[in-house]
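Notes follow once the structure below has been shown.
The values are calculated or read from the model by the stated rules, or taken from the named source; none is laboratory data. Quantities reported herein were computed from a predicted structural model and do not represent experimental measurements. For neighbour counting, all protein chains shown are included, and Cβ atoms are generated from backbone atoms with ideal geometry for every residue, glycine included.
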Amino acid sequence: MHMKMKTTAIAVLLLFAAGSSGCLVEDREVEIVLNDEHCEEFIEYHTAANYTTPGTLEFSEELDRLLEDNDVEKDQIVDAFLVNGFYEVSEFIHTHDWELEGIITVERTDFTDSPDTLVIYTDMSVQGTLGVRTAVKLHEAGVAKVDQALDDYLAGGYPTLLLTVISGDVTPAPTPADPLAFLWKACLNIQVIYTLDTEIYDPL
């Protein structure tokens, strides 16, 4: 008789817990942050100190892949913006180093546009940044252009971006007998914030 009453009491407690469990779960909309790197690789080979190297950043395509990989729809996104950037030399074969200064500009190619400065690099040691991520100084006008491209993408557009390396000071000056040759990439770190409907445990 005692065992039967104990079993019944446990069953009642389980039923009570099951019936009241709905009160401990609340439907909420939470914000999730996705971090994504957008990189463009530049092949540099120059026999003079003045040079430009353009590269098209597959901006919208990479954002499409980011959303697809995370099962996120555009209408879930509440904000997207440029956070910071870096560069990294990936290949360099020389008997001596090079010191570089210059800028990287950004412009839209999905409509007629003029370039704005995005990245400023100074005292860049090619040899010293081989395989090293080096933070860059981002220029306000270029950041605004990237952020506007993100807004246009979220609004249904398909913006494309052209990044162009423009040399400044090059030490020593390259020559046909001693050309400047290396491979590097410039990367932009972008954050995408989206909402997700989920159930949150509420102890109250």
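Counting only residues that are buried (at least 17 other Cβ atoms within 10 Å of the Cβ) and more than 15 Å from the chain's Cα centre (by Cα), which one in the range 53-75 is farthest from residue 189 (Cα to Cα)?
The extreme case among them is 53.
Please work out which residue is surrounded by the fewest Cβ atoms within 10 Å (Cβ to Cβ), limiting yourself to the range 1-52 and to residues that are of a type in the set (Asp, Glu) and at pLDDT below 90.
So, considering only residues that are of a type in the set (Asp, Glu) and at pLDDT below 90, the one surrounded by the fewest Cβ atoms within 10 Å (Cβ to Cβ) is 27.
Can you tell me which of 153, 194, 158 is in a loop (DSSP other than H, G, I, E, B) and either without any contact (Cβ under 8 Å) to a residue 24 or more places away in the chain or farther than 30 Å from residue 45 by Cα (or both)?
Working: 153 fails: in a loop (DSSP other than H, G, I, E, B); 194 fails: in a loop (DSSP other than H, G, I, E, B).
158 is the lone residue from the list that is in a loop (DSSP other than H, G, I, E, B) and either without any contact (Cβ under 8 Å) to a residue 24 or more places away in the chain or farther than 30 Å from residue 45 by Cα (or both).
When you scan the range 119-134, do you find a residue that is within 30 Å of residue 195 (Cα to Cα) and not polar (S, T, N, Q), even just one?
Looking for residues that are within 30 Å of residue 195 (Cα to Cα) and not polar (S, T, N, Q), one finds none in the range 119-134, hence no.
Of a type in the set (Lys, Arg) and assigned to a helix (DSSP H, G or I): is that true of residue 145 in this structure?
yes
Keeping to the range 67-97, report how many residues are hydrophobic (A, V, I, L, M, F, W, C), within 13 Å of residue 153 (Cα to Cα) and outside any helix (DSSP H, G or I). Steps first, answer last, please.
Restricting attention to the range 67-97, the residues satisfying the condition of being hydrophobic (A, V, I, L, M, F, W, C) are 67, 72, 77-78, 80-83, 86, 89, 92-93.
Going one step further and asking which of them are within 13 Å of residue 153 (Cα to Cα), we end up with 67, 77-78, 80-81.
Now restrict to residues that are outside any helix (DSSP H, G or I): 77-78, 80-81.
Adding up the residues that qualify gives 4.
Looking at the range 56-66, is at least one residue in a loop (DSSP other than H, G, I, E, B) and closer than 25 Å to residue 153 by Cβ?
Checked the range 56-66: at least one residue is in a loop (DSSP other than H, G, I, E, B) and closer than 25 Å to residue 153 by Cβ.
Report every pair of residues separated by at least 6 positions or lying on different chains whose Cβ atoms are under 7 Å apart, first residue within the range 114-135 and over 23 Å from residue 174 (Cβ atoms), second of a type in the set (Ser, Thr, Tyr) and in a strand (DSSP E or B).
Every condition considered, the pairs that remain are 115/105; 115/164; 116/105; 117/105; 118/105.
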